Amino acid sequence: MAGDIGINERAIILPEAGAAEHGSALLSLEQTHGRSMHHYGPRVVIAEVPEREEEADSLSPFEFTGDGKADLPTAPAGVDAVGQLGLAAFGLRQSSALAAAKAKRPHAEEDWDAKGATPPCTAEAQTEVGEMGLAEALSGSSTSSRLTGSVAVGIIIVEGPTAKLKFSAAERTKVIAEVQNGLGWLGSKSGPGGISWVYDIRIITLSVSPSSNDTTLAQKENRWRNPAMAQLGYPAGMAGVQQYVNNLRLSKKTNWAYCAYFTKYPLGHFAYASIGGPRMVMAYDNDGWGPDNIDRVFAHETGHIFGAPDEYKASNCNCGGQWGHYERPNTNCEACAPGGGVACIMKGNSWEMCEHTPFHLGFVQERKYSGVFRQGAGGHAVWADASWTKFQQKWSEFSGQGLRLRDLKIAGTGSAARYSGVFQQGTGGYGLWVNATWTSFLQK
Ligand SMILES: [Zn+2]
């Protein structure tokens, strides 16, 4: 397990495009792996794989467990800088040091407005965002109207001229690993197939110094963000940010896109995002939550990017409103939900999601899943008309009882419908094939 998100992951290093094995490596990836989770450059993929017996024997020459980083090549030939960062991040997530850190997160499982902690995204920060042009930011929501399919994520680490404003190589890897953990978890909450995250990673070094004249959140952000965007070839202001995000979506060929800045420059607040996109900002120290909680704060802020509201009391939430793609009320708001609501990433520092947030995020909801489970001796069970989440739970339960999924039907509609199937392998092992188009499904 990489990180602490309960997902069985592998790093895949694809051969160079054009190489004889490239096609077969992709085919092997498709046949044996549930789904790709993260893409770093053209050759590095982090994938979720079903747990299998005799794990070592089932590894293809292109996949790596990263356990203890032992089998991960540190600088594989021909893999670009973004790919190498993705691999290093995966290695860090597989390390015992990271597991130990995750086991003692500061303020673990507490609400974001817990005593002694400062919540991400305060009302003050949102007002300041307003000064900068909230309307403009909201009008850019077409790049993140709902969380489905594939998403391009621009990670821009902005460093300054002094030692205090620079990131070490280890800190850069930490940022990428935390984002990998946070988005890996968030994407896994959306079925079928989860979310595929495609990264652009930029490291910018500026000569500009912080100024004590900057008092508002917008002034502080503009101090470093405008020159950083100039280095990337974009105009100042949110228009330049939106332009970068638009280009990201085009060049990565994804459904959606947004960007996130990490910096040690002074900020008006340690973490904030424009609701509806296109950008979030995070301080590396992550205030009292610390770098080991960047993953959960990042997942929370990404929730805002895709239209989800805060659910902790200090955000002044209420149980009404029309939020996100499905325009649902904020029913789990702590101020008015029975018992203060349930645990949720939009409410507190935990790997939990309430039943309302999937609607705010716009996760695909309409499809129903049916499956037939069979045992070698002829026993079988049918589980029909379930949501993907419930279906996965039932699948896992049946698997524990020795039942293997043999058939899967999806009641989907339209040309965009996708099909999932499970294919039995050898003696009891099984592989999941999800998120396929009908054409590629038939080829299986
Ligand atoms: Zn928030």
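Would you mind estimating how fast region 249-362 diffuses translationally, via Stokes-Einstein at 25 °C and 0.890 mPa s with the Kirkwood radius over Cα pairs, in µm²/s?
My calculation gives 167 µm²/s for D.
What residues qualify as long-range amide H neighbours of E9, i.e. H under 5 Å apart, gap of 5 or more or another chain, H built at 1.01 Å from N?
Answer set, sorted by chain and number: A2, V49.
Sorted by average packing, counted as other Cβ atoms within 10 angstrom per residue and highest first, what order do 108-117, 340-349 take? Walk me through the numbers on the way to the answer.
On the way: 108-117: 16.1, 340-349: 22.5.
Ranking, from highest mean packing down: 340-349, 108-117.
Amide H neighbours of N332 under 5 Å, counting only residues 5+ apart in sequence or on other chains, H built in-plane at 1.01 Å?
HN-HN under 5 Å from N332: empty list.
Where Rh denotes the Kirkwood radius from the mean inverse Cα pair distance, what is Rg over Rh for region 265-329?
Values: Rg = 12.8 Å, Rh = 12.7 Å.
Rg/Rh: 1.00.
Whole angstrom only: what separates the Cα centroid of region 292-326 from the Cα centroid of region 83-123?
Using only Cα atoms to place each centre, the spacing works out to 18 Å.
Readers should treat all values here as calculations from the given coordinates under stated rules, not as data from a laboratory. In this text the structure is predicted, and so the values were computed from the model without any measurement. Cβ: placed from backbone, ideal geometry, glycine included. Neighbour counts: every protein chain shown.
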